[in-house]
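Okay, so here's the structure we're looking at.
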Amino acid sequence: MPFLSPFGWRLFITFSLLASLMVTAIGMIGFIQSRQSVLKRAQRQVSLVGQDRAHELSNWILERKREISLLSQLPDVVRIFDRYGEVHTINRQDSLRLADIFDLVHLTFSDYGPCGIMSFDGLPLVHVSNSDCQTDNPLLQAALQQALSTYEPVLSALYLSSSNEPVFWLVQAISDQFGAAQAALVFSILAEKTIHPILADRAGLGTSGETYLTTREGLLLTPFRNDTTRQQLYKKNARIERSSDSYINYAGEEVIGCDIELPDLGWVVSAELSLVEALEPIKKIIRQLILVGLLSIFVILIISAYISRRLTIPLNHLLQASRSISMGQFDLAIPQTGSDEVGALSRQFQIMASSLQRSREELEVSTRRLVHAEKLALIGKLVASIVHEMRNPLSAIKMNLRILEKKAVLDKSGETHLGIAKEQSGRLEKMLNELLEYSKPVQAQFTTVNLKALLLQTKIEFNAQMAEKSISIKASFPDLPFEVYSDPDLLARVFDNLISNAIAAAPAESTIDVTLDEKDNGLTVTVKDAGKGMSQKVLEQIFEPFFTTRGDGVGLGLSNVKKFIEALNAEIEVQSCEGEGTAITVTIPHHDQTISHR
């Protein structure tokens, strides 16, 4: 026998492909999730660095504003501008004093560039020798007017000085002792000496990361890491978006980054990190995934080969056995391969082969029974025809008996015989009705039925019959409507038959329990008597036609009940034990149109 049959090879290839696809899918999912996790961590790191630089810049600007505010409130400065408010000029001695203050500021704070004092019209009042105030600068003029209106330190927009250096002005109004603004203290700040060193700190951004500063309009305030030409204009909308995680930066490199806006200053701090460097940890994960995937595929191939051979060998045995059976050979010995499903299949196939002959014989018996059932159907039609023919003379007999009862003068013996004739004619009519009902097809007419009212009416109809045996009915009906969607006539005939049988089976002076309840599967009606009960053998036959344990019927009552129950899509259950009575439960299922107390 070859290692694998054609089917075994197909099974092996299918298992291998499915397993390989599964391993590949798991690997891809692992790679995607790992990549997302690494990117999120890198994005979080870049964002933290950007926020740290933005916070450092904000604190640095706040310190400069505090310094210029303190300078404007020095006693010497206030006294000088008290006099300036009176004479509108600054004498040489005051100019020298202010120049000394500026020199001291330059010695103490190297962050400042040229500085001086200007009127709010833009005229220089006091300036140091290296001052480059550019009084006609519109950005400076705007800052002067804003300082006059706010009395707070004002930071001007950035502009290019005559030496092509990015500069911005810090302006503070100088007030006299009465709080009137007399002039403005103006300090220039060189970006290269101040904010550049803050953003040049690339700690936390690896070897390729950087931070830089722009205005809202895109004017670059600090140089790029790889830019030697000092680009002065940088537009954010010039970025090329690659995905939700990254974009192409000014140098054409794919990076991840974040922008932190400083709304009070009108600046934007941008932090970036190369996507290649950010994804560096993923390379190790990829190598591990590939190694695990290859090992998994190798193991899967071995397992697939074993399973394929394990499955196909018993199948080949079964194939040979089926060929033998097709030729009429039933004495087979199929090798047993174990206790798993395949082994169970082999054993069941052996059992099947052994029972085929019996099945053939049973088929012949079933065929004979089917022929017999067809004969019974023909007999049913014949019975229906005979019943129709017999009811006419029976009606005549009953009519004449009623006439005799009303008009004839009979002695006691005659009355007795007349009663016997009436009783036997009624019995015969009942038997004919049962035969006729059994022969007729049942078609239920569904409508809304008050089940409680129907049972109470049925109970009343049997009062006379119960009185003869001193039997009572105990009805257990909860105070609920119990309305169902069913056929009232068929239900009435079912309960008539069940209660009639219970009265016939119950001993004198006993009680019949009729219980109405609602279960999860529908409404239930239980009729229980205290009679002799039935054996298991009788229970198995009670719904068969023409079966009876009494001599006063044809054995079609419960057969008709079963037929009515099936027409109503209901269920019937019989519980009985010899010497303990019988309980019959009818379950009417819930329906889309059933109305219950819920």
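Observations, loosely collected:
- Between the amide H of residue 262 and those of 267, 268, 269, distances stay under 5 Å, these residues lying 5 or more places away or on another chain, with hydrogens modeled in the peptide plane.
- FRET efficiency for the pair residue 521 and residue 575, taken as 1/(1 + (r/R0)^6) with r the Cβ-Cβ distance and R0 = 22 Å, rounds to 0.85.
- 5 angstrom amide H check on residue 190, placed H, neighbours 5+ away: 113
- Karplus 3J(HN,Hα) series, Hz, for segment 460-468 with 6.51 cos²θ - 1.76 cosθ + 1.60 (x for Gly, Pro): 4, 4, 9, 4, 5, 5, 6, 5, 4
- With 0.36 nm allotted per residue and the present C-alpha distance subtracted, the residue 396-residue 468 stretch has 23.0 nm of extension available.
- Cα centroid of segment 30-77 to Cα centroid of segment 248-278, whole Å: 13
- Phi angles across segment 510-516 convert, under the Karplus curve 6.51 cos²θ - 1.76 cosθ + 1.60 with θ = phi - 60°, into 3J(HN,Hα) values of 10, 10, 9, 8, 10, 10, 10 Hz, Gly and Pro given as x.
- In this structure, the amide hydrogen of residue 125, modeled 1.01 Å from its nitrogen in the peptide plane, lies closer than 5 angstrom to those of 117, 118, 119, counting only residues at least 5 positions away or on a different chain.
- Segment 444-456 - phi-based ³J(HN,Hα) in whole Hz, Karplus 6.51/-1.76/1.60, Gly and Pro as x: 6, 10, 7, 7, 6, 10, 7, 5, 5, 5, 5, 5, 5
Just so you know, all these numbers are worked out from the coordinates, no wet-lab data involved. Everything numeric here is computed off the predicted structure, so don't read it as measured data. Using ideal geometry, Cβ is built from the backbone for each residue, glycine included, and neighbour counts are taken over all protein chains shown.
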